Amino acid sequence: MLRKFLPHPLLTLTITAVWIMLVHKVTLGNLLLGAFLGIVLPVMTAPYWPDRPQKTRPLKLAAYVALVFWDIVVANIVVAGIILFKRNEDIKSAWINVPLDLTNAEAITLLAGTITMTPGTVSAMLAADGRSILVHCLHTDDPVAIRDEIKTRYEARLMEIFP
Amino acid sequence: MTFVIELVIATVLVVSGFFGLVGSYGLIKLRDSMQRLHAPTKATTLGVGGALIASMLYHLLLKEAVSFHEFMITLFLLLTAPITANFIAKAYMLKHVKLSELPPTGCDTGWAGYEDPLSREE
């Protein structure tokens, strides 16, 4: 019974908190409206995440988020350097195929987002069966090293977060 | 003390402005759409992020009020930027990138955008 009305309690809390932060005023009315959205939205969207991971490791996820934030800063500087100081003829872009060990859809989404936000890479497409991800790299001399870095730095951590 | 705070905020603003400018310059400078995609997804993130940090510091230290809107903008930006980039990449690839230019998938099926699901069932 509770499962039916609260399929995702954490999402309910998050939506309510986000609503309060958006309107930026804690009143009873806002709280009720936020809670209403927090209950209705997960119920309505539940069909879209049938196999959502049941257990995650919040501490490791927090460490991962911190790592990604740091990498975003580094990525910004690296890409700015390439844009400013490399001549167009010297920029060697490459397509890289990264085979995936992750099978969970939510984890792959997170990995694709991470790849796009971090050093010189944009995730472009998945293989039709979801076993491989196609990555475009702005500038690299060594595509294999990029592939290994994505696998060891991000995918390995995500494997631990979504067991 | 106020001067030091203002100096810090101004520095963050200038740095963020610099990265925003570089990101926009990258849009003009780079050669094709796949390369251009790298400029706004990265250089501009730090540009927007810096402006938001400056705004948060300003409200926190000079106005003495906590502001959550910047936090929300950061959250939505991080959620939407990769998805937009992915849409643009896919649309561009289907129109301009031939399958022969891409590396093989290394698994049973081809790349999702190029695979015709109907042809596989036969």
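Just so it is clear, none of the values below were taken in a lab; they were calculated from the coordinates. Quantities reported herein were computed from a predicted structural model and do not represent experimental measurements. Glycine also receives a Cβ, built like all others from the backbone with ideal geometry; neighbour counts cover every protein chain displayed.
This table checks each residue for (1) assigned to a strand (DSSP E or B); (2) within 8 Å of chain B (Cβ to nearest Cβ); (3) over 21 Å from B:Asp32 (Cβ atoms); (4) small (Gly, Ala, Ser).
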position	(1), (2), (3), (4)
A:Thr56	no, no, yes, no
A:Lys60	no, no, yes, no
A:Leu67	no, no, yes, no
A:Trp70	no, no, yes, no
A:Val73	no, yes, yes, no
A:Val79	no, yes, no, no
A:Leu84	no, yes, no, no
A:Lys92	no, no, no, no
A:Ile96	yes, yes, no, no
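When the helices (runs of 4 or more DSSP H) confined to region B:1-96 are screened for residues that are more than 28 Å from A:Ile20 (Cα to Cα), those reaching at least 2 such residues are found at B:2-29, B:33-36, B:69-96.
Rundown of residues vs (1) among the polar types (S, T, N, Q); (2) over 17 Å from B:Gln35 (Cα atoms); (3) without any contact (Cβ under 8 Å) to a residue 24 or more places away in the chain; (4) facing chain B (nearest Cβ under 9 Å), yes/no style:
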{"residue": "A:Thr121", "(1), (2), (3), (4)": "yes, no, no, yes"}
{"residue": "A:Arg131", "(1), (2), (3), (4)": "no, yes, no, yes"}
{"residue": "A:Leu134", "(1), (2), (3), (4)": "no, no, no, yes"}
{"residue": "A:Asp141", "(1), (2), (3), (4)": "no, no, no, no"}
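Inclusion of A:Ile161 among residues that are closer than 23 Å to A:Lys55 by Cβ and touching a Phe, Trp or Tyr at 6+ places or on another chain (Cβ under 7 Å) is warranted. When region A:58-91 is limited to residues that are among the charged types (D, E, K, R) and surrounded by 14 or more Cβ atoms within 10 Å (Cβ to Cβ), the one that is farthest from the chain's Cα centre (by Cα) turns out to be A:Lys86. For region B:33-78, a residue qualifies if it is surrounded by fewer than 19 Cβ atoms within 10 Å (Cβ to Cβ) and in contact (Cβ under 8 Å) with a residue 60 or more places away in the chain, and the qualifying residues are B:Ser33, B:Leu62. For region B:97-114, give me each residue that is part of a loop (DSSP other than H, G, I, E, B), within 7 Å of chain A (Cβ to nearest Cβ) and in contact with a helix residue (DSSP H, G or I) (Cβ under 8 Å, 6 or more places away or on another chain). Across region B:97-114, the qualifying residues are B:Thr109, B:Gly110, B:Gly113.
Answer with yes or no whether A:Leu100 is at the interface with another protein chain (Cβ under 10 Å from one of its Cβ atoms), surrounded by fewer than 22 Cβ atoms within 10 Å (Cβ to Cβ) and at negative phi. Considered against the rule, which asks whether it is at the interface with another protein chain (Cβ under 10 Å from one of its Cβ atoms), surrounded by fewer than 22 Cβ atoms within 10 Å (Cβ to Cβ) and at negative phi, A:Leu100 comes out as yes.
Please find, within region A:130-162, the residue that is surrounded by the most Cβ atoms within 10 Å (Cβ to Cβ) out of those that are out of contact with any strand residue (DSSP E or B) (no Cβ under 9 Å at 6 or more places or on another chain) and either of a type in the set (Gly, Ala, Ser) or outside any helix (DSSP H, G or I) (or both). I'd like the intermediate steps shown before the answer.
Step one: of region A:130-162, the residues out of contact with any strand residue (DSSP E or B) (no Cβ under 9 Å at 6 or more places or on another chain) are A:130, A:141-142, A:145, A:148-149, A:152-154, A:156-162.
Next cut, either of a type in the set (Gly, Ala, Ser) or outside any helix (DSSP H, G or I) (or both) only: A:130, A:141-142, A:145, A:156, A:162.
Numbers: A:Gly130: 16, A:Asp141: 8, A:Asp142: 11, A:Ala145: 10, A:Ala156: 12, A:Phe162: 20.
By that ranking, first place goes to A:Phe162.
Scanning region A:12-48 for residues that are touching a residue at least 24 places away in the same chain (Cβ under 8 Å) and more than 14 Å from chain B (Cβ to nearest Cβ) returns A:Thr12, A:Leu13, A:Gly38, A:Ile39, A:Leu41, A:Pro42, A:Val43, A:Ala46.
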